Amino acid sequence: MDFLLILTTFMILLVVLMMVAIYSVFIKKKSQLILLQKIKEATFEQELANSQVEIKEQTLNYIGQELHDDLGQKLSVARLMTNKLSYSTESDNKIIANEINLLIGECIQDIRNISKVFITKQVEHFGFIESLEREIFRIQRFQLLEVHYDINNRDLEINSSHALILFRIIQECINNVIKHSKSKCIELIVFDDKDRINFKINDTGIGFNMDRVNNGSGLKNLISRAKVINTKFEINSSEKIGTKVLITYNK
């Protein structure tokens, strides 16, 4: 009888200890998952903040370029034409005055366009595709590259909190083509599929040796940013042939 009591007590104690051990493992795993989730959220928030800062810097650069290259030149021409009024004939003065009026009208419209860019959050205000197309328009306007753009659906399903980071990844790829590729044209293809959206950015520039840049900080940064928003970033380049980038966003 005593042996049975001892055995029963031992079995109960063993079961209790096993339950405590299982509960401890469960709590540990749960704590690890919570910590991992918090790290992911913190990483995402940091990337989002970085993208917002970079968008502001890009916007200020755009405004500076517009003021210097476009608005400044128009005002300089208007000033020169104003000086001509003092020694031109009356018939010429009417023509000059009309041209000055047209130039001032263009300057006013330019200022309005610049103010819209300055006072709004680009991606949030205009939308992802509109912001992307404004970037293409900027390239074409300053004659930086010939752009071949194709899209099969302008109404894309992109998580609003992911859109800014995705836009910055694409914008950085485009800027890399402008700065480093020496390509005369760039191809941007947006293909919307059922479960994903593919963005292809191709150029026919000088390319580079993939073995030399695989560990580069710039490429690592693009890949890590893509991972934060569940996006795959692939790049393939050959010297003297060009570079192809494929960005796959999972909906």
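The table that follows gives values for the structure above.
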item	result
Sequence-separation-based contact order of the chain, relative, with Cα cut under 8 Å and 6+ spacing, percent	15
Cα-based Lys proximity count in the stretch 1-79, under 22 Å, for pairs eight or more positions apart or on separate chains	6
Percent carbon-and-sulfur accessible area, the stretch 169-251, ignoring ligands, DNA and RNA, probe 1.4 Å	49
P(r) histogram, all alpha-carbon pairs of the chain included - 5 Å bins from 0, percent	1, 5, 9, 12, 12, 11, 9, 7, 6, 5, 5, 4, 3, 2, 2, 2, 1, 1, 1, 1, 0, 0, 0, 0, 0, 0, 0
Nitroxide proxy distance, nm - points 7 Å out along Cα→Cβ at residue 154 and residue 77	2.9
Alpha-carbon centroid distance for the pair the stretch 231-251 / the stretch 23-54, whole angstrom	28
Surface accessible to a 1.4 Å probe, per residue, for the residues of the chain, Å²	66
Charged-residue dipole, Cβ positions (Lys, Arg, Asp, Glu), the chain about Cα centre, Debye nearest 20	640
Protein accessible area in the stretch 13-63, 1.4 Å probe - carbon and sulfur %	70
Segments 168-178, 231-241 sorted - mean Cβ within 10 Å per residue, highest first	168-178, 231-241
Sorted peptide list for 133-140, 200-207, criterion being average Cβ within 10 angstrom, highest first	200-207, 133-140
Residue 210-residue 104 pseudo-label distance in nm [points 7 Å out on the Cα-to-Cβ vector]	6.0
Residue among 226, 249, 60 farthest towards the positive dipole end of the chain, charges placed on Cβ	226
Of the DSSP H helices in the chain, those whose Cα atoms cover at least 30 Å axially and whose Kyte score averages 0.5 or more	2-65
Computed E for residue 67/residue 25 - FRET, C-beta separation, R0 51 angstrom, nearest 0.05	0.20
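The values are calculated or read from the model by the stated rules, or taken from the named source; none is laboratory data. The structure presented is a predicted model; accordingly, all values stated were derived computationally and were not measured. Counting neighbours? That spans all protein chains shown, and the Cβs are built from the backbone with ideal geometry, glycine included. Side chains included, ligands, DNA and RNA excluded: accessible areas come from the protein's heavy atoms. Shrake-Rupley method; radii C 1.70, N 1.55, O 1.52, S 1.80 Å.
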